[in-house]
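Undergrad: Have a look at this one before I ask anything.
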Amino acid sequence: MQIDINQARSYYHQMLLIRRFEEKCMELYSHEFIRGFLHLYIGQEAIAVGVMDAASAEDAIIATYREHGHALARGIEPKAIMAELLGKVEGCSRGRGGSMHLFDAKTRFYGGLAIVAGGLPLAVGMALADKMMKRDRVTICFFGEGAVAEGEFHESLNLAALWKLPILFVCENNLYAMGTALERSESEQNIATKASAYNITATQVDGMDVFAVAKSAKDAIVQIKENSAPVFIEYLTYRFRAHSMFDAELYRDKTEVEKWKQKDPLAVLKNKLESTDLGSQLGEDELEQEVVSVVEEAVEFAKNGTLESIADLEKFVYSAEVQQ
Amino acid sequence: MSEIITYREAIRAAIREAMQSDERVFLMGEDVGKYGGSYAVSMGLLEEFGSERIIDTPLSESGFTGAGIGAALNGMRPIVEIMTVNFSFLALDQIINNAATMLYMSGGQFNVPLVIRMATGGGNQLGAQHSHSLEGWYAHITGLKILTPATVQDAYDMLHLALKDPDPVLIFEHALLYNSKGELDTQVAPIPIGKAFVYRQGKDISIITYGISLFKSLEAADILSKEGIEAEVIDLRSLRPMDNETIMSSVRKTNRVLIVDEGWKSGSISAEIMARINEQAFYELDAPMQRVCSVEVPFPYAHHLEQAALPQVEKIVAAGHKLMEEL
């Protein structure tokens, strides 16, 4: 495979930003700057970065409660995300959403949705609207393998295939629905096979290799537009950290975690470059410095942010309260 | 210009006009197309607008209701039809977790201009899974608007009002009203969402009601009138937002309150109305407030049992008598 060094640097840069951002979140959580539930994306970075590289600005993104990585890869300002996590009005959801509900109209980022599989029907409707209005857009819907057990998953896949809608379904299979292993929850553990039953083109792809992710997503978007039909990709991945900050990880073996850490997407990318003698051109230290300073700036910005006035508590329940 | 048509025809006319004037409007639901709608509301619309705008869905309430939300977020003005309120519970996740929260969660970025219509209410001997009146229960949910058209005029007006509204609106159509006839004037300005309407002026009792119970209440008011008791009859029209002002000004006038609702009493909209009157007009009351609601049973099939479970004119008259006794 021919590697474009600029492309590789960009992927590494974005994945590193997510990694360091998430590590900072963990630190801020332990110091109680961030509260509520916090679900870290560490280990799965290649998927958000690779898929977003395939998305265009007009496409719509729907993600889950583990969506800091998707928001960063989509281009929402790290400052605005961090301010959201600290509950400040400068946050991308004005502090109304928190970690699980990041939204951004500018980048067409529709959440940040915290009911498992609840975003899939929305993706069906977004894509239906695009099809009806003859817009050349794709809706990209991220969810975990836990969503496969929900009825909304099945209703949505059926509708998308039946109505031939331009949707890229991105299943991030990290093997655990919170603490319940895939083999303890699904009769058919190959999720792509399940999706195929709805007459949707579905494949399994290595989710730890950002190049493989980006290529599969780009191919899928071409296919979606050519065939006017949805595509389903199951990315095989693993979260290196606990489900949330309250999780003692009693349900999985440490050796399993260590085994998957060998496939760390940042290391996979670096090894690939080294095997082609491009390793020296990555400029890892420079990227590291830049990322650390961006994260620090975001933290400073968030800490200096404003708490919304309690007088505005009831604003935005209805649109009459939206300032035009 | 006015004409006499059915409640069903009024809704159909409103949908047709909205679809003619706005390409973003479409109708989606179970059997709305080829079948013509389970209550025949959309009969003929498929032929007129085609299958891309009159969309038959599989039996996937959560899927197609969520699709309505997604389409609304992406610039459309969808009308989602759910066959009955009981089926809407399969879509509760989408209605409550997504439609009602999206604007607030996103800090004012994403509103959901979605209309959901569904049939409600008993009296058709359809048993315990097709007959309940649960619109009051939906009125608990902040972020939604809840409309309950009783008249042909409101059946028409409310669909237009709901489509113009930037937020999710649920319209509850009582199944026994579809065949009812009434006057429709398409030139008159509609009464806005959130405003109640006083159908009958009276000085002795305020009967507060909505939906099909409006007609039972008006009938009871005629009987009471012959006995010299003048009841004021208020159609709430909208359960959320609710028109406190019209309720309280009537209470200040009559000092006696009777609430008529096909829902059950416990944890209900009738209880909510009483609570508001307690909070805002307690010292105006000359007698304990009364309620005529459905008996707290899952609705029975047998005709005599179902009728016994529902609010009836005689029960409303009896409650009126009781109110006047308490002096």
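Undergrad: Write down the Å³ per residue value for the convex hull defined by the alpha carbon atoms of the range B:123-221. List each step's numbers first, then the result.
TA: Numbers: hull volume 13.4 nm³, N = 99.
Each residue corresponds to 136 Å³ of Cα convex hull volume.
Undergrad: Which of A:171, A:141 comes first, and how do the rest follow, when ranked by fewest Cβ neighbours within 10 Å? Don't skip to the answer; put the middle values down first.
TA: Working: A:171 28, A:141 31.
In increasing order of surrounding Cβ atoms, one gets A:171, A:141.
Undergrad: To make sure I understand, if each residue's beta carbon is the centre and we count other beta carbons within 10 Å, what order do A:292, B:251, B:260 fall in, fewest to most?
TA: A:292, B:251, B:260
Undergrad: List, in order, the whole-Hz ³J(HN,Hα) value for each residue of the range B:55-60 obtained from phi through the Karplus relation with A = 6.51, B = -1.76, C = 1.60 and θ = phi - 60°; use x for Gly and Pro.
TA: Here the 3J(HN,Hα) series is 9, 6, 10, x, 6, 9 Hz.
Undergrad: Summing +1 for each Lys or Arg and -1 for each Asp or Glu, what net charge is found among the other residues whose Cβ lies under 11 Å from the Cβ of residue A:76?
TA: Details: positive: A:74, A:79, A:106, A:108; negative: A:67, A:77, A:84, A:104.
Overall, the nearby charge balance is 0.
Undergrad: Once you wrap a convex hull around the alpha carbon atoms of the range A:255-300, what is its projected area averaged over all directions, in nm²? Show your work: numbers first, answer last.
TA: Working: hull surface 17.5 nm².
Across all orientations, the range A:255-300 yields a mean hull projection of 4.4 nm².
Undergrad: Further question: Between the range A:140-165 and the range A:47-69, how far is it from one alpha carbon centroid to the other, in angstrom?
TA: 17
Undergrad: Quick one: 3J(HN,Hα) in Hz for the range B:127-140, Karplus 6.51/-1.76/1.60 with θ = phi - 60°, rounded, Gly and Pro as x.
TA: Once rounded to whole Hz, the list reads x, 7, 10, 9, 10, 7, 10, 10, 5, x, 5, 5, 5, 5.
Undergrad: Once you sort the root eigenvalues of the Cα gyration tensor of the range A:1-145 as a ≥ b ≥ c, which label holds: rounded (a/c under 1.5), prolate (a/b larger than b/c) or oblate (the other case)?
TA: Oblate is the answer for the range A:1-145, as a/c is 1.5 or above yet b/c matches or exceeds a/b.
Undergrad: Out of residues 5 or more away from residue B:291 or on other chains, whose amide H comes under 5 Å of its own, with H placed 1.01 Å from N in the peptide plane?
TA: Hits under the 5 Å cutoff: B:259.
Undergrad: A follow-up question, please. Report Rg (one decimal) and Dmax (nearest whole number) for the range A:136-256, counting Cα atoms only, units Å.
TA: For the range A:136-256, the Cα-based Rg and Dmax read 15.0, 46 Å.
Undergrad: Still on this structure, please answer the following. How large is ³J(HN,Hα), in whole Hz, for each residue of the range A:290-307 in order, when computed from phi with the Karplus curve 6.51 cos²θ - 1.76 cosθ + 1.60 and θ = phi - 60°, using x for Gly and Pro?
TA: Values per residue, Gly and Pro as x: 5, 4, 4, 6, 5, 5, 4, 4, 4, 5, 4, 4, 5, 5, 8, x, 9, 7 Hz.
Undergrad: Note down the Stokes-Einstein diffusion coefficient of the range A:4-80 in µm²/s, whole number, using a Kirkwood radius over alpha carbon pairs, 10 °C, and 1.306 mPa s. Can you show the working numbers first?
TA: Values: Rh = 13.2 Å.
For the chosen part, D equals 121 µm²/s.
Undergrad: Mind checking which of B:69, B:316, B:96 has the largest fluctuation in a GNM of chain B, springs on alpha carbons under 10 Å?
TA: B:96
Undergrad: Could I ask something else about it? Of the cross-linked pairs A:79/A:315; B:203/B:226; A:24/A:79, which ones have a Cα-Cα span greater than 19 Å in the structure shown?
TA: Over 19 Å apart, Cα to Cα: A:79/A:315.
Undergrad: While we're on this one: Once Rh for the range A:5-306 is found with the Kirkwood sum over Cα pairs, what is the Stokes-Einstein diffusion coefficient at 37 °C and 0.692 mPa s, in µm²/s? Mind showing how you got there, number by number?
TA: Working: Rh = 19.4 Å.
It comes out at roughly 169 µm²/s.
Undergrad: Right, next: Where does the charge balance sit around residue B:149 when Lys and Arg score +1, Asp and Glu -1, over other residues with C-beta under 9 Å from its C-beta? Don't skip to the end; give the middle numbers.
TA: Details: positive: B:237; negative: B:154, B:157, B:173.
That sum, taken over residues with Cβ under 9 Å, equals -2.
Undergrad: Between B:262, B:173, B:245, find the one with the highest GNM mean-square fluctuation for chain B; connect C-alpha pairs within less than 10 Å.
TA: B:245
Undergrad: Of the candidates A:111, A:125, A:283, which one comes out as most mobile in a Gaussian network treatment of chain A with C-alpha springs shorter than 10 Å?
TA: Ranking A:111, A:125, A:283 by mean-square fluctuation puts A:283 first.
Undergrad: Could you tell me what fraction of 2.2 N^0.38 Å the Cα radius of gyration of chain B comes to, as a two-decimal ratio?
TA: Numbers: Rg = 19.6 Å, N = 327, 2.2 N^0.38 = 19.9 Å.
Against the empirical 2.2 N^0.38 Å value, I get 0.99 for chain B.
Undergrad: For the range A:5-306, with only Lys/Arg (+1) and Asp/Glu (-1) charged at the beta-carbon, what is the dipole magnitude about the Cα centre, in debye rounded to 20?
TA: Details: 33 positive and 44 negative charges, 159 e Å.
The calculation lands at about 760 debye.
Undergrad: Another one. Using only the Cα atoms of the range B:1-131, build the gyration tensor, take square roots of its eigenvalues as a ≥ b ≥ c, and label the shape rounded, prolate or oblate: rounded if a/c is under 1.5, else prolate if a/b is larger than b/c, else oblate. Show your work: numbers first, answer last.
TA: Numbers: a/c = 1.73, a/b = 1.19, b/c = 1.45.
Verdict is oblate for the range B:1-131.
Undergrad: Could you pull out every residue, at least 5 positions away or on a different chain, whose amide H is within less than 5 Å of the one on residue A:201? Hs are placed 1.01 Å off N in the peptide plane, and Pro or chain starts have none.
TA: Sorted by chain and number, the residues that satisfy this are A:232.
Undergrad: Listing A:184, A:9, A:19 from the residue with the fewest other Cβ atoms within 10 Å to the one with the most, what is the order? Walk me through the numbers on the way to the answer.
TA: On the way: A:184 10, A:9 19, A:19 22.
Lowest to highest Cβ neighbour count: A:184, A:9, A:19.
Undergrad: Shifting gears a bit: So how long is each side of the protein assembly as shown along the principal axes, counting just the alpha-carbon atoms, biggest first, in Å?
TA: Principal-axis extents of the Cα atoms in the protein assembly as shown, largest first: 100, 54, 46 Å.
Undergrad: For chain B, what does -39500 (n - 2.57) per DSSP helix run (n ≥ 4), summed and divided by total residues, give at 222 nm, in deg cm²/dmol to the nearest 500? Mind showing how you got there, number by number?
TA: Details: 12 runs with 116 residues, N = 327.
The per-residue figure over chain B is -10500 deg cm²/dmol.
Undergrad: In a solvent-free Debye calculation with one equal scatterer on each Cα, what is log10 I(q)/I(0) for the range B:197-325 at q = 0.12, 0.20 Å⁻¹, listed in the order of the q values?
TA: Log10 I(q)/I(0), no solvent term: -0.40, -1.12.
Undergrad: Taking amide H atoms as placed 1.01 Å from N in the peptide plane, list the residues 5 or more away in sequence, or in a different chain, whose amide H sits under 5 Å from that of residue A:44.
TA: A:240
Undergrad: If you don't mind, another one. Specify whether the C-alpha gyration tensor of the range A:73-170 places it in the rounded, prolate or oblate class, a ≥ b ≥ c being the square roots of the eigenvalues: rounded for a/c under 1.5, otherwise prolate if a/b is larger than b/c and oblate if not. The partial results should precede the final answer.
TA: On the way: a/c = 2.91, a/b = 1.63, b/c = 1.79.
It comes out oblate by the Cα gyration axes.
Undergrad: Still on this model: Which value at 222 nm does chain A reach when only helices count, each DSSP H run of 4 or more adding -39,500 (n - 2.57), with the total divided by all residues and rounded to the nearest 500 deg cm²/dmol? If you can, show how the numbers build up before the last one.
TA: Working: 11 runs with 140 residues, N = 324.
Mean residue ellipticity, 222 nm, calculated: -13500 deg cm²/dmol.
Undergrad: Follow-up. Report the Cα centroid-to-centroid distance between the range B:31-66 and the range B:168-219 in angstrom, as an integer.
TA: Comparing the Cα centres of the range B:31-66 and the range B:168-219, I get a distance of 27 Å.
Where a number appears in this text, it was derived from the coordinates with a stated rule and is not lab data. Predicted model, so just to flag it, every value in this text is computed and none were measured. Glycine also receives a Cβ, built like all others from the backbone with ideal geometry; neighbour counts cover every protein chain displayed.
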